[in-house]
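The values are calculated or read from the model by the stated rules, or taken from the named source; none is laboratory data. Note that the structure is a prediction, hence the values are computed from the model and not measured. Using ideal geometry, Cβ is built from the backbone for each residue, glycine included, and neighbour counts are taken over all protein chains shown. With ligands, DNA and RNA removed, areas are computed over all heavy atoms of the protein, side chains included. Shrake-Rupley method; radii C 1.70, N 1.55, O 1.52, S 1.80 Å.
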Amino acid sequence: MEKIALVTGSSRGIGRAIAALLARSGWAVCINYRVRRDCAEDLAAQLTAEGCRVMVCQADVSDHAAVAAMVHRVEETFGPVSLLVNNAGIAGQALFQDVTDQMWHRYFAVNVDGAFHCTQAVLPHMLHEHEGCIINISSIWGLRGASCEVTYSTTKHALIGLTRSLAAELGPSHIRVNCVAPGVIKTDMLDALPPEALPQLAEDTPLGRLGTPEDIAYAIAFLADEKASFITGQVLTSDGGFLL
């Protein structure tokens, strides 16, 4: 199967770094975005100038029909997806008693339903070929509860359950399913925190620094590589030792 990757939520942050590294490593990559077309097209232009094969596709992963249309476009342009990275997600802080029905359902629609929609859309070809790789992006808060981030943490726990269950179900078809759980990563998701919180978070990390999107991209590239062909159902924590 040709190396064709779909990275959801890849116009910015961790997803952008993943898409860029995969493209520079020889993958044909679909850069997915929901609203930041400018960021997605800027990345595509950079990578195309370097000789990489990329395409840009708008889709809200919470919309089943939009995801199906996106995967169809990828198949028409490059061929069947052989690597799916379920990265698109939303986060935020709120006391649990202040969480609204709208917030709760939107987080699940993007973080969990999005992975469900994308995985179902790419699976038919993977099952036919008895080959493929799916990587879900969870969080350290999917391994340990997070005060004031109950909704986000719950969705990330769900992705770990999805990873392990799918790995068991799809293993006989030689489709690997793994998960990466990032720690505190320097992206615009940290903008909601007070500036004084960042040095403290770095100090709380045994390696003494915050993570970068590239740190997570390297973990994804490892799990997607043939050298990791005997690894499935695993959660690779990339957090500088934060949860130790």
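So here's what we get for this one:
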read-out	value
Ranked order, Ser139, Ser229 - accessible area, probe 1.4 Å, largest first	Ser229, Ser139
Accessible area, probe 1.4 Å, largest first, for residues Ile231, Ile137, Ile14	Ile231, Ile14, Ile137
Gap separating the Cα centres of the stretch 17-79 and the stretch 89-168, nearest whole Å	20 Å
The chain: relative contact order in percent, alpha carbon pairs under 8 Å with at least 6 residues between	20 percent
Helix-only CD estimate at 222 nm, as mean residue ellipticity for the chain, using -39500 (n - 2.57) per DSSP H run (n ≥ 4)	-13500 deg cm²/dmol
Geometric extent, Cα atoms of the stretch 1-106 - Rg, Dmax (angstrom)	15.0, 51
Whole-percent pair-distance distribution, where bins are 5 Å wide, for the alpha carbons of the chain	1, 7, 14, 19, 21, 17, 12, 6, 3, 1, 0
On Cα atoms only, tilt of 114-129 relative to the major axis of the chain in degrees	30 degrees
1.4 Å probe accessible area per residue over the chain, in Å²	47 Å²
Cα gyration tensor, the stretch 132-198 - rounded (a/c under 1.5), prolate or oblate	prolate
Rounded to whole Å, sorted largest first: equivalent-ellipsoid semi-axes of the stretch 129-244, Cα gyration tensor	29, 16, 11
Loop-exposed GluC sites (Glu not before Pro) per DSSP, neighbour cap 14 Cβ within 10 angstrom, longest uninterrupted part of the chain	51-195
Difference of contour (0.36 nm per residue) and Cα-Cα distance, Leu244 to Asp101	48.1 nm
Area accessible to solvent at Trp104, 1.4 Å probe radius, in Å²	80 Å²
